[in-house]
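Just so you know, all these numbers are worked out from the coordinates, no wet-lab data involved. Quantities reported herein were computed from a predicted structural model and do not represent experimental measurements. Please note: Cβ atoms are built from the backbone with ideal geometry, for glycine as well, and neighbour counts cover all protein chains shown.
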Amino acid sequence: MHFNLEEQEQLAELKAWWKRYGKWLLSVVLVLAVSYVTYAGSAWWSKKNSLGASKVYETLLTSAQKQDVPSLLKAVGELQDQYKSTSYAGMASLVAAQVANAAGDLANAEKNLRWAMSHAKVDAHQDVARARLVSLLIDQDKMDEARKVSAESVSKAFEPLMLERRGDVELAQQKVTDARQFYQKAWDQLLKNPDASDESKRLLKIKLDAVGGRS
């Protein structure tokens, strides 16, 4: 192939540039390619994982409606083991705990609440599990543990509920003054929250009035 003088100069410059920067450019391209493949693969896997988890969760809800505890526990175990990176695992643990508690299986109820507290991917699921665990521990007269769990930090939206639970712990031990203080703090925070439900306010108001608090 024939090159004129200008083309030869351009080719020489290109060869010199490639010798200097070629390896670096290939490295950048390779990193970008790997990053894209990783991202695409991760997105595909996440979608597939979520779809699989949703199917198991549907089975769990059906089992819950039928009060089929063995099938429910099998489904929640599968979600916790194989799909714990999805939000379904946290939701399933809460459902399983509720069903187990209703069936009088307090050990499995506590087990699933503690799993949700430690592993649920959604903060709200962790906080709901924590609040329910406090109530469960109170029912079992495990006051030291209930107080410890109720004092753990939660997201801002759940602070009033956990203050209420701390009041429940104190009231269960006949410490009315301490219970009143926690209920009052919970009430004051709840009034500042425009998204707080009327039912939450109603239930807390009953407790606050029962211990002689002010509203």
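Kindly indicate whether His119 is surrounded by fewer than 18 Cβ atoms within 10 Å (Cβ to Cβ), closer than 30 Å to Ala96 by Cα, under 25 Å from the mean Cα position of the chain (by Cα) and not hydroxyl-bearing (Ser, Thr, Tyr).
Judged against the criteria, His119 is a match.
Tally time: how many residues in the stretch 151-176 are touching a residue at least 24 places away in the same chain (Cβ under 8 Å), more than 13 Å from Ile138 (Cβ to Cβ) and assigned to a helix (DSSP H, G or I)?
Total meeting the criteria: 8.
Within the stretch 94-104, restricting attention to residues that are closer than 13 Å to Asp139 by Cβ and surrounded by fewer than 17 Cβ atoms within 10 Å (Cβ to Cβ), which residue is nearest to the chain's Cα centre (by Cα)?
Applying the filter and picking the extreme gives Ala102.
Considering only residues that are part of a loop (DSSP other than H, G, I, E, B) and without any contact (Cβ under 8 Å) to a residue 24 or more places away in the chain, which ones fall in the stretch 59-114?
Lys66, Asp68, Gly104, listed by residue number.
If we scan the stretch 129-138, do we find a residue that is farther than 20 Å from Leu203 by Cβ and without any contact (Cβ under 8 Å) to a residue 60 or more places away in the chain?
no
Filter the stretch 159-200 down to the residues that are basic (Lys, Arg) and buried (at least 16 other Cβ atoms within 10 Å of the Cβ), then identify the one that is farthest from Ala124 (Cα to Cα). Break it down into steps so the answer makes sense when it comes.
Here is the first cut: in the stretch 159-200, the ones basic (Lys, Arg) are 165-166, 175, 180, 185, 192.
After this cut, where a residue has to be buried (at least 16 other Cβ atoms within 10 Å of the Cβ) as well, the list is 165-166, 180, 185.
Numbers: Arg165: 16, Arg166: 18, Arg180: 26, Lys185: 21 Å.
Top of the filtered list is Arg180.
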